[in-house]
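Trainee: One structure, pasted below without further comment.
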Amino acid sequence: MYNLNIIYEDNHIIVVDKIAGVLSQSDDSNDMDMLTLVKRYIKEKYNKPGEVFLGLVHRLDTVTSGVMVFARTSKSASRLSEQIRQNNMKKTYLAVFEEEIKQKRGNYTDYLLKDSKKI
C-alpha cells in the first residue's frame, strides 16, 4: 500500500504530494494511480458508501513527484479547471543533474529525457 502525504484538505479540494513512478490517472497498464489512491483515502477516512467523486483537474508526468490538486466537488472542479485555462495555476519542474552546472543561477530550458530504465 502507498502512503499518501496529504498537504491540504477541505470540503472542496484535496492537495497531495504525488509519488514518483505512480500514474496521475489510470491507464491500460492496471498500475496504481493517484486518482484511485486519493479516492480510496477519502472513502476510508469518511466511511463513504458507493463511488467517491474526485475531479482530476491536472496531471503530472508519471516519473515526477510533486503537488497535485484534486477537486472534491463538481463545482470546485469547474472553478479549478477555469483557473488552469486562465493560466492562474503554474507548474514548476526542478531537476537533478548528473554533472555540476557552472551557472549557479538562472533558468535551464530543455526537453525532458524519457528513460524507461529510471524513475
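Coordinate-derived values only; no laboratory data. This one's a predicted model, so the numbers in the text were calculated from it and none came from an experiment. Methodologically, a virtual Cβ is constructed for each residue, glycine included, from the backbone with ideal geometry; neighbour enumeration extends over all protein chains shown.
Trainee: Give me a comma-separated list of calculated 3J(HN,Hα) values for segment 62-78, in order, Karplus coefficients 6.51, -1.76, 1.60 applied at θ = phi - 60°, integers in Hz, x for any Gly or Pro.
Mentor: Result, rounded to whole Hz: 3, 6, 9, 10, x, 7, 10, 10, 10, 8, 9, 9, 5, 5, 5, 4, 5.
Trainee: Something else now. Mind checking the dipole of the chain: about its Cα centre, +1 per Lys or Arg Cβ, -1 per Asp or Glu Cβ, Debye to the nearest 20?
Mentor: 420
Trainee: Which of K39/K75; K43/K90; K18/K39; K18/K91 have a Cα-Cα distance over 24 Å?
Mentor: K43/K90
Trainee: Over the alpha carbons of the chain, what is the largest minus smallest coordinate on each principal axis, giving the biggest first in Å?
Mentor: Rounded to whole Å, the extents work out to 55, 34, 25 Å.
Trainee: Which angle between 0 and 90 degrees, to the nearest 10, do you get for helix 34-45 versus the longest principal axis of the chain when only C-alpha atoms count?
Mentor: 40
Trainee: Please give, to one decimal in nm, the separation of the simple spin-label points placed at Y93 and D10, each 7 Å out from Cα toward the Cβ.
Mentor: 3.1
Trainee: Using 0.36 nm per residue of separation minus the Cα-Cα distance, give me the extension gain between E51 and D110 in nm, one decimal.
Mentor: Result: 17.1 nm gained on full extension.
Trainee: Quick one: grab the alpha carbon gyration tensor of segment 15-68, order the square roots of its eigenvalues as a ≥ b ≥ c, and give me rounded if a/c is under 1.5, else prolate or oblate depending on whether a/b is larger than b/c.
Mentor: Note, shape of segment 15-68 comes out prolate.
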